[in-house]
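Participant: Sharing a structure with you now.
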């Protein structure tokens with residue numbers, strides 16, 4: 001393998017047979033190239049969808065109310081359903097063992113927010129401390145709301161990174177005061193959200209403080225919970241569905257809503273959705289792998305095919321070499337070494353070209369469902385080696401047969 | 001140099017069996033220039049192939065330079081071919097993507113000689129056949145006579161005991177044939193043992209001994225007055 005003389009012989013042969021070398025290389029390089037691109041976009045779709053989902057916890061159950069659409073027990077339709085603290089406490093207590101985080105919110109859309117001369121319109125919500133986990137908010141600076149902020153109705157605010165950038169530019173916002181509809185709140189934290197700018201342009205206040213300021217009484221706009229996960233995803237989905245139903249029934253009973261009134265109370269659980277999306281991602285991945293493996297198989301067959309042609313074409317040359325004193329093993333070694341060298345080189349070339357294209361095009365892809373298309377380098381390099389190994393194996397059979405041919409027969413070949 | 005006793009060879013094609021060599025006996029001493037003659041089907045090429053270890057006899061013994069040639073596996077046959085024999089073929093059998101120099105150097109590659117030494121030796125033998133200035137040309141750029149001279153240089157390069165030429169002039173015109181024979185005679189004059197298979201009388205008479213084959217048997221084996229090819233060139 002590491003015989004310089006033999007390598008020189010091989011390089012010379014390759015140099016003198018450019019078309020053959022090029023064709024072998026092309027089939028291998030394009031196979032790997034296509035595989036890399038496929039895997040890249042498969043991971044891109046996975047990243048995109050996952051990120052789209054990560055803006056909030058996937059195991060959440062949210063409760064929202066509107067007006068009733070059906071009359072029930074003598075009550076007119078069109079009645080507005082208002083959730084209260086007691087609803088939240090009742091649900092939290094009843095399902096305590098199944099719930100992980102719980103938060104109630106009181107929100108003000110389009111809150112006028114100002115810091116010094118900078119102003120902006122942001123969604124302002126009064127929430128509970130658990131909201132941090134439900135929203136998947138990452139604290140960049142300072143802290144999130146805590147229980148004492150709630151208990152003492154402190155006038156503090158946690159702002160999204162977008163809000164911080166708009167109002168504070170490069171200034172450190174912690175302990176500065178922002179005004180919301182003229183009331184001053186002290187900034188105690190800045191958060192990031194994997195959901196991006198839209199999710200980062202909100203301001204969170206303690207639920208109690210928000211209600212005090214905007215005459216909320218003990219009203220709640222909506223409630224959000226997360227369900228405790230279990231190791232078994234299907235089981236968690238089932239539990240999530242059960243709790244969703246139970247909450248809906250409890251609230252309908254308490255607020256006297258027709259059981260078939262779907263508009264008045266909406267309880268959504270995202271875990272079910274998540275399950276659908278994850279199984280979709282799995283399907284997409286499986287399809288891409290299938291196509292990828294198909295490509296590799298086609299590549300292997302291609303290499304094997306070319307090897308057979310090469311051996312056929314070189315039968316006479318092999319006869320000459322044998323007449324001049326080549327032993328069979330040196331014939332096999334010559335053909336295989338040449339094949340491995342070409343497939344390896346072109347495989348790596350295809351790999352680099354594919355990775356390069358992903359590197360250049362990847363960041364330009366502006367679709368919420370495709371993000372950072374990239375390939376695990378180890379997977380890619382493994383496939384190159386598999387292709388080379390399989391190609392060499394495919395080439396070994398004709399090479400072996402060629403080495404077995406009697407020189408007298410090979411010499412007669414025209 | 002070569003001793004052959006009672007050599008038999010048959011070819012089997014399906015149910016048919018073709019008895020090609022039916023008991024050949026002959027010896028060649030060192031420095032001889034022998035031609036093997038016969039019409040097609042007489043078994044002359046088969047004999048040469050067996051002598052060249054490209055094919056194996058069914059029966060009989062073959063001794064080359066006091067080495068019994070029998071039960072060869074491919075590896076040993078390859079080594080013997082490389083060490084003992086130089087081949088010249090009717091259709092030249094040069095590797096078409098290699099230059100004249102590289103073709104001549106190829107048997108030396110299988111001898112395990114370094115690249116530098118290979119080139120030097122190959123250049124030396126190319127010069128000997130008068131093609132020094134053609135060393136970097138591909139076979140396709142050479143005439144038939146030149147190709148055969150490259151092939152002769154290649155056969156000589158590994159410094160074999162015996163040179164085996166199978167119809168070396170078969171693909172050449174008369175003038176070129178005589179040039180090639182002149183070269184072969186020159187090499188023989190230096191002491192090399194050479195066997196030439198031919199079916200042309202004039203070529204055969206340029207050797208020193210003619211062995212006539214018919215239907216797998218030697219019918220005549222006689223020394224002749226050598227005609228020098230030089231006078232026709």
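Participant: Taking the conditions exactly as written (closer than 20 Å to residue B:184 by Cβ, out of contact with any helix residue (DSSP H, G or I) (no Cβ under 7 Å at 6 or more places or on another chain) and in a loop (DSSP other than H, G, I, E, B)), does residue B:40 satisfy them or not? Steps first, answer last, please.
Facilitator: Numbers: closer than 20 Å to residue B:184 by Cβ: no; out of contact with any helix residue (DSSP H, G or I) (no Cβ under 7 Å at 6 or more places or on another chain): yes; in a loop (DSSP other than H, G, I, E, B): yes.
The answer is no for residue B:40.
Participant: Suppose the filter is within 14 Å of chain A (Cβ to nearest Cβ) and either at positive phi or more than 18 Å from the chain's Cα centre (by Cα) (or both); does residue B:136 pass it?
Facilitator: Numbers: within 14 Å of chain A (Cβ to nearest Cβ): yes; either at positive phi or more than 18 Å from the chain's Cα centre (by Cα) (or both): yes.
Considered against the rule, which asks whether it is within 14 Å of chain A (Cβ to nearest Cβ) and either at positive phi or more than 18 Å from the chain's Cα centre (by Cα) (or both), residue B:136 comes out as yes.
Participant: Please count how many residues of the stretch B:75-93 are facing chain A (nearest Cβ under 8 Å) and in contact (Cβ under 8 Å) with a residue 60 or more places away in the chain. Lay out the reasoning, then the answer.
Facilitator: We begin by selecting, within the stretch B:75-93, every residue facing chain A (nearest Cβ under 8 Å); these are B:75, B:78-79, B:81-83, B:87, B:89, B:93.
If we keep only those that are in contact (Cβ under 8 Å) with a residue 60 or more places away in the chain as well, we get B:82-83, B:87, B:89.
Residues flagged as facing chain A (nearest Cβ under 8 Å) and in contact (Cβ under 8 Å) with a residue 60 or more places away in the chain within the stretch B:75-93 amount to 4.
Participant: Separate question: Consider only pairs whose beta carbons are under 7 Å apart and that are at least six residues apart or on different chains; among these, list those whose first residue lies in the stretch A:311-326 and is on the phi > 0 side of the Ramachandran plot and whose second residue is in a helix (DSSP H, G or I) and surrounded by 24 or more Cβ atoms within 10 Å (Cβ to Cβ).
Facilitator: A:325/B:78; A:325/B:81; A:325/B:107
Participant: With the checklist (1) more than 24 Å from residue A:386 (Cβ to Cβ); (2) surrounded by 15 or more Cβ atoms within 10 Å (Cβ to Cβ); (3) in contact with a helix residue (DSSP H, G or I) (Cβ under 7 Å, 6 or more places away or on another chain) in hand, flag the one item residue A:34 doesn't pass.
Facilitator: The one condition residue A:34 does not meet is (1).
Participant: So, one more: Among the residues of the stretch B:37-50, how many are away from chain A (no Cβ under 12 Å) and buried (at least 21 other Cβ atoms within 10 Å of the Cβ)? Reasoning before the result, please.
Facilitator: Of the residues in the stretch B:37-50, the ones away from chain A (no Cβ under 12 Å) are B:37-44, B:47.
In the following step, the residues that additionally are buried (at least 21 other Cβ atoms within 10 Å of the Cβ) were identified as B:37-38, B:42-44, B:47.
So the count comes out to 6.
Participant: Further question on the same structure: Determine, yes or no, whether residue A:304 is free of Cβ contacts under 8 Å to residues at least 40 places away in the same chain and within 30 Å of residue A:400 (Cα to Cα).
Facilitator: On the way: free of Cβ contacts under 8 Å to residues at least 40 places away in the same chain: no; within 30 Å of residue A:400 (Cα to Cα): yes.
Judged against the criteria, residue A:304 is not a match.
Participant: Can I ask one more? Just one of (1) more than 14 Å from every other protein chain (Cβ to nearest Cβ); (2) part of a helix (DSSP H, G or I); (3) buried (at least 16 other Cβ atoms within 10 Å of the Cβ); (4) modelled with pLDDT under 80 trips up residue A:374, so point out which.
Facilitator: All conditions pass for residue A:374, except number (2).
Participant: Please work out if residue A:66 is in contact (Cβ under 8 Å) with a residue 60 or more places away in the chain and farther than 30 Å from residue A:287 by Cα.
Facilitator: yes
Participant: In this structure, does residue A:151 turn out to be within 22 Å of residue A:108 (Cβ to Cβ), over 27 Å from the mean Cα position of the chain (by Cα) and surrounded by fewer than 18 Cβ atoms within 10 Å (Cβ to Cβ)? Outline the logic, then answer.
Facilitator: Numbers: within 22 Å of residue A:108 (Cβ to Cβ): yes; over 27 Å from the mean Cα position of the chain (by Cα): yes; surrounded by fewer than 18 Cβ atoms within 10 Å (Cβ to Cβ): yes.
Against the criterion (within 22 Å of residue A:108 (Cβ to Cβ), over 27 Å from the mean Cα position of the chain (by Cα) and surrounded by fewer than 18 Cβ atoms within 10 Å (Cβ to Cβ)), residue A:151 qualifies.
Participant: Are any of the residues in the stretch B:58-68 in contact with a helix residue (DSSP H, G or I) (Cβ under 9 Å, 6 or more places away or on another chain), without any contact (Cβ under 8 Å) to a residue 40 or more places away in the chain and surrounded by fewer than 19 Cβ atoms within 10 Å (Cβ to Cβ)?
Facilitator: Yes, the conditions are met somewhere in the stretch B:58-68.
Participant: It is to be established whether one or more residues within the stretch B:163-185 are more than 23 Å from residue B:201 (Cβ to Cβ), modelled with pLDDT of 90 or more and away from chain A (no Cβ under 13 Å).
Facilitator: Within the stretch B:163-185, the first condition is being more than 23 Å from residue B:201 (Cβ to Cβ), and the residues that meet it are none.
No, every residue in the stretch B:163-185 fails to be more than 23 Å from residue B:201 (Cβ to Cβ), modelled with pLDDT of 90 or more and away from chain A (no Cβ under 13 Å).
Participant: Does the stretch A:203-226 hold any residues that are within 28 Å of the chain's Cα centre (by Cα) and within 28 Å of residue A:96 (Cβ to Cβ), and which are they?
Facilitator: If the condition is that a residue be within 28 Å of the chain's Cα centre (by Cα) and within 28 Å of residue A:96 (Cβ to Cβ), then A:204, A:223, A:224, A:225, A:226 are the ones that fit.
Participant: Also, I was wondering about something else. When residues of the stretch A:287-314 are filtered for being under 20 Å from residue A:52 (Cβ atoms) and exposed (fewer than 15 other Cβ atoms within 10 Å of the Cβ), how many remain? Break it down stepwise before answering.
Facilitator: First pass over the stretch A:287-314, keeping only residues under 20 Å from residue A:52 (Cβ atoms): A:287-288.
Then drop every residue that is not exposed (fewer than 15 other Cβ atoms within 10 Å of the Cβ), which leaves A:287.
Final tally of qualifying residues: 1.
Participant: If you don't mind, there's one more thing I want to ask. Show me the helices (runs of 4 or more DSSP H) entirely contained within the stretch A:200-316 in which 1 or more residues are more than 30 Å from residue A:173 (Cβ to Cβ). Walk me through how you get there before you give the answer.
Facilitator: Details: elements: A:207-213, A:233-254, A:270-313.
Those helices (runs of 4 or more DSSP H) span A:233-254, A:270-313.
Participant: Given the criteria more than 14 Å from chain B (Cβ to nearest Cβ), under 22 Å from residue A:333 (Cα atoms) and in contact (Cβ under 8 Å) with a residue 60 or more places away in the chain, does residue A:408 qualify?
Facilitator: Details: more than 14 Å from chain B (Cβ to nearest Cβ): no; under 22 Å from residue A:333 (Cα atoms): yes; in contact (Cβ under 8 Å) with a residue 60 or more places away in the chain: yes.
Judged against the criteria, residue A:408 is not a match.
Participant: Follow-up question, since we're still on this one. Tell me, which residue of the stretch B:103-121 that is within 8 Å of chain A (Cβ to nearest Cβ) and part of a helix (DSSP H, G or I) is surrounded by the fewest Cβ atoms within 10 Å (Cβ to Cβ)?
Facilitator: Out of the qualifying residues, it is B:115.
Participant: Considering every residue within the stretch A:320-330, establish whether at least one is crowded, with 19+ Cβ neighbours inside 10 Å, within 50 Å of the chain's Cα centre (by Cα) and assigned to a helix (DSSP H, G or I).
Facilitator: no
Participant: Considering every residue within the stretch A:214-228, establish whether at least one is crowded, with 18+ Cβ neighbours inside 10 Å, free of Cβ contacts under 8 Å to residues at least 60 places away in the same chain, out of contact with any helix residue (DSSP H, G or I) (no Cβ under 9 Å at 6 or more places or on another chain) and within 25 Å of residue A:127 (Cβ to Cβ).
Facilitator: no
Participant: Could I ask something else about it? Touching a residue at least 60 places away in the same chain (Cβ under 8 Å) and over 30 Å from residue B:105 (Cα atoms): which single residue out of B:217, B:164 fits that description? If you could, list the steps in order and put the result at the bottom.
Facilitator: Numbers: B:164 fails: over 30 Å from residue B:105 (Cα atoms).
Exactly one residue qualifies, and that residue is B:217.
Participant: Continuing with the same structure: I'd like to check which strands (runs of 3 or more DSSP E) are fully inside the stretch A:68-145 and have at least 3 residues that are touching a helix residue (DSSP H, G or I) at 6+ places or on another chain (Cβ under 8 Å). So that I can check it myself, show each step before the final result.
Facilitator: Details: elements: A:99-115, A:118-127, A:138-142.
Those strands (runs of 3 or more DSSP E) span A:99-115, A:118-127.
Participant: Right, here's the next one. For residue B:214, all conditions in the list (1) touching a helix residue (DSSP H, G or I) at 6+ places or on another chain (Cβ under 8 Å); (2) surrounded by 15 or more Cβ atoms within 10 Å (Cβ to Cβ) hold save one; what is the number of the exception?
Facilitator: The one condition residue B:214 does not meet is (1).
Participant: Name every residue in the stretch B:102-158 that is at pLDDT below 90 and touching a strand residue (DSSP E or B) at 6+ places or on another chain (Cβ under 9 Å), in order of residue number.
Facilitator: Selection gives B:158 alone.
Participant: Further question on the same structure: Suppose the filter is in contact with a helix residue (DSSP H, G or I) (Cβ under 8 Å, 6 or more places away or on another chain), farther than 30 Å from residue B:97 by Cα and modelled with pLDDT of 85 or more; does residue A:318 pass it?
Facilitator: On the way: in contact with a helix residue (DSSP H, G or I) (Cβ under 8 Å, 6 or more places away or on another chain): yes; farther than 30 Å from residue B:97 by Cα: no; modelled with pLDDT of 85 or more: yes.
When the stated conditions are applied, residue A:318 does not pass them.
Participant: Looking only at the stretch A:333-366, count how many residues are within 14 Å of another protein chain (Cβ to nearest Cβ) and either touching a strand residue (DSSP E or B) at 6+ places or on another chain (Cβ under 7 Å) or crowded, with 20+ Cβ neighbours inside 10 Å (or both). Give the steps one after another, and end with the answer.
Facilitator: As a first pass, look at the stretch A:333-366 and keep what is within 14 Å of another protein chain (Cβ to nearest Cβ): A:333-334, A:338.
Okay, now just the ones that are also either touching a strand residue (DSSP E or B) at 6+ places or on another chain (Cβ under 7 Å) or crowded, with 20+ Cβ neighbours inside 10 Å (or both), so A:334, A:338.
Number satisfying all stated conditions: 2.
Participant: Over 30 Å from residue A:288 (Cβ atoms) and either in a helix (DSSP H, G or I) or not assigned by TED's automatic domain parsing to the domain that holds residue A:288 (or both): does that describe residue A:402? Outline the logic, then answer.
Facilitator: On the way: over 30 Å from residue A:288 (Cβ atoms): yes; either in a helix (DSSP H, G or I) or not assigned by TED's automatic domain parsing to the domain that holds residue A:288 (or both): yes.
So residue A:402 fits the description; yes.
The values are calculated or read from the model by the stated rules, or taken from the named source; none is laboratory data. Just so it is clear, the model here is predicted, and its values are computed rather than measured. In this analysis, Cβ positions are derived from the backbone assuming ideal geometry, glycine residues included, and neighbour counts consider all displayed protein chains.
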